[in-house]
Amino acid sequence: MPPPPLALRDSLREQQFGSIWSRDLNDVFADVAPYYDRANHIASFGLWNWFLSSFMSMIDVRAGERVLDVCAGTNAIGIALLRREPGLEVHAIDRSVAMQEVGQQRAQDRGLRIDGVIGDAHELPYPDNHFDVVTLQYASRHLRITRVFQEIHRVLKPGGRFYHCDMLRPANPVVEKLYYAYLRFCLDFTGFLFQSGPAALNCKEYFINALQMFYSADELSGMLQDIGYRDVGAKTLLAGMIGFHRASKAS
């Protein structure tokens, strides 16, 4: 089934999923936090590190810059950035206490400092023009994404860079149908393997529905341009199943 028209999609996404976003997802991520990274490695047939390295290859950072990782989860991006450039000042924000507890422990185990905050990506608790770089990965499907992109634009310094990564809705309908079938299998398999609790099991169909109502790479590029980002570029993997975007704020 084709997604709703682009002009209506954000409001329809919120209408359909708003209660899940506000009521259920904290419990889901509290459930999956201890095994989140392992489950992703298994579900991707070991390609998870390739996805990360492909995204990291787009990100340009320099010593002394201030970086914010939005919806940071288990701090995979912050850790990878600090390993590349130890002179960064890295901040993380996520709504899930459980995910950030795992992420902070992962950073500490590697001798790295990431300043973490529990908060809402729709209302970033930072001043205007504050960060040189902002990243956001694997969370947009669960967000009022236009609002979040606007907030990220606000906190970026003039000339600052934004890097985005997520699972996307493939533009090809055949690929899209196969993609959803595969994801249903993965959700069932990892749920069984890791003995997921009721919160995660009850949201399995939501994860498919959220992708069906989400955006293609080209649609997200257009959204970024409409908000006011410059130099928008995109790259996809696996026939559009995974998408990366980079953009900047006008100087």
- Message: Tally up the residues in segment 24-39 that are more than 17 Å from LEU183 (Cα to Cα), of a type in the set (D, E, K, R) and surrounded by fewer than 19 Cβ atoms within 10 Å (Cβ to Cβ), please.
- Response: 2
- Query: Of all residues in segment 55-92, which are surrounded by 16 or more Cβ atoms within 10 Å (Cβ to Cβ) and polar (S, T, N, Q)?
  - Reply: THR74, ASN75
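Please specify each residue of segment 54-107 satisfying the condition of being part of a loop (DSSP other than H, G, I, E, B) and in contact with a strand residue (DSSP E or B) (Cβ under 7 Å, 6 or more places away or on another chain).
MET58, ILE59, ASP60, VAL61, GLU65, CYS71, ALA72, GLY73, ASN75, LEU88, ARG95
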- When the residues of segment 93-111 are filtered to those that are in contact (Cβ under 8 Å) with a residue 60 or more places away in the chain and in contact with a Ser or Thr (Cβ under 9 Å, 6 or more places away or on another chain), which remaining residue is surrounded by the most Cβ atoms within 10 Å (Cβ to Cβ)? MET99
- Which one of these is touching a residue at least 12 places away in the same chain (Cβ under 8 Å) and crowded, with 20+ Cβ neighbours inside 10 Å: ILE42, ILE114? ILE114
- Identify all residues within segment 121-153 that are out of contact with any helix residue (DSSP H, G or I) (no Cβ under 9 Å at 6 or more places or on another chain) and either exposed (fewer than 14 other Cβ atoms within 10 Å of the Cβ) or among the hydroxyl-bearing types (Ser, Thr, Tyr) (or both); write none if there are none. PRO125
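Has segment 156-163 got at least one residue that is without any contact (Cβ under 8 Å) to a residue 12 or more places away in the chain and loosely packed, with under 15 Cβ neighbours inside 10 Å?
Checked segment 156-163: no residue is without any contact (Cβ under 8 Å) to a residue 12 or more places away in the chain and loosely packed, with under 15 Cβ neighbours inside 10 Å.
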- Item | Within segment 222-251, tally of residues that are buried (at least 20 other Cβ atoms within 10 Å of the Cβ) and in a helix (DSSP H, G or I) | 1
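The numbers here are math on the coordinates, done by the rules we state, and not lab data. Small disclaimer: the values here were computed from a predicted structure and weren't measured. Cβ: placed from backbone, ideal geometry, glycine included. Neighbour counts: every protein chain shown.
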